[in-house]
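The values are calculated or read from the model by the stated rules, or taken from the named source; none is laboratory data. Here the structure is a predicted model, which is why all the values come from computation and not from measurement. Positions of Cβ are generated from backbone atoms using ideal geometry, with glycine treated the same way; all protein chains shown enter the neighbour counts. Just so you know, the surface numbers come from the protein's heavy atoms only, side chains and all, with ligands and any DNA or RNA stripped out. Shrake-Rupley method; radii C 1.70, N 1.55, O 1.52, S 1.80 Å.
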Amino acid sequence: MTNIEIEQVVSQPSSYTPTKVVCLPIDASSNTRYSIQYALANLLDPKIHSINLINVLPKQTSMEQNQSRLIDYIEQQLDVVEESSVKSAYDLIIELSKQFSKHGYAVTGNFAVGDPRLVLKSYIETIAPHMVVMGSHGDNKLPGTMGSVSNFILQNSETPVVIVKEEFHATH
């Protein structure tokens, strides 16, 4: 496997000495927020658990080098989008870290770029958490389906994985 760089963005201790680490892969989806609410209400205790957030920004595929001005312009625009995505990823880590800190949890927030499935698998193997809690999908809006990242982690992790499915609320 290729070397994956994980950057620690934030680390906030708590007044407790937690004995078990819980890994929460995050993204900007509503499913992530729901899985965090579920975990806080049903699974976690700040006296026992420390929280390890990781936000993996999917690596953008690079276009072939070409002398065309159009290609150069498009690449410049992709760089701007990527910088914006990285800033949004950092902001999300900081926001959610503060949310956990407010509840008394020791929290570490991390960031990486790459294939989310492979980065998460490697990261989980490295930190060896007590459990992984994640949403059933990211931006996939197909009802009743599990996303490819959640499915991959569930199938390939030796760590217990809790998949939280966002409740479906029909609007009338």
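Points worth noting:
- Qualifying positions in the stretch 101-128 - open to solvent by 40 Å² or more (accessible area, probe 1.4 Å), closer than 21 Å to Lys20 by Cα and not charged (D, E, K, R): His103, Thr126, Ile127, Ala128
- Residue check, Ser29 closer than 20 Å to His130 by Cα and either surrounded by 13 or more Cβ atoms within 10 Å (Cβ to Cβ) or modelled with pLDDT under 85 (or both): no
- Within the stretch 107-133, the set of residues being at pLDDT below 95 and assigned to a loop (DSSP other than H, G, I, E, B) comprises Gly114, Asp115.
- Pairs meeting the criteria (first residue in the stretch 113-125 and in contact (Cβ under 8 Å) with a residue 12 or more places away in the chain, second residue crowded, with 18+ Cβ neighbours inside 10 Å and part of a helix (DSSP H, G or I), beta carbons under 6 Å, at least 6 apart or on different chains) are Pro116/Val149; Arg117/Val149; Leu120/Ile153.
- Note on the stretch 32-62: residues that are in contact with a Gly (Cβ under 7 Å, 6 or more places away or on another chain) and not in a helix (DSSP H, G or I) amount to 4.
Matching residues to (1) over 17 Å from Ile153 (Cβ atoms); (2) open to solvent by 50 Å² or more (accessible area, probe 1.4 Å):
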position	(1), (2)
Val10	yes, no
Pro18	yes, no
Leu24	no, no
Gln37	yes, yes
Lys47	yes, yes
Ser50	yes, no
Val56	no, no
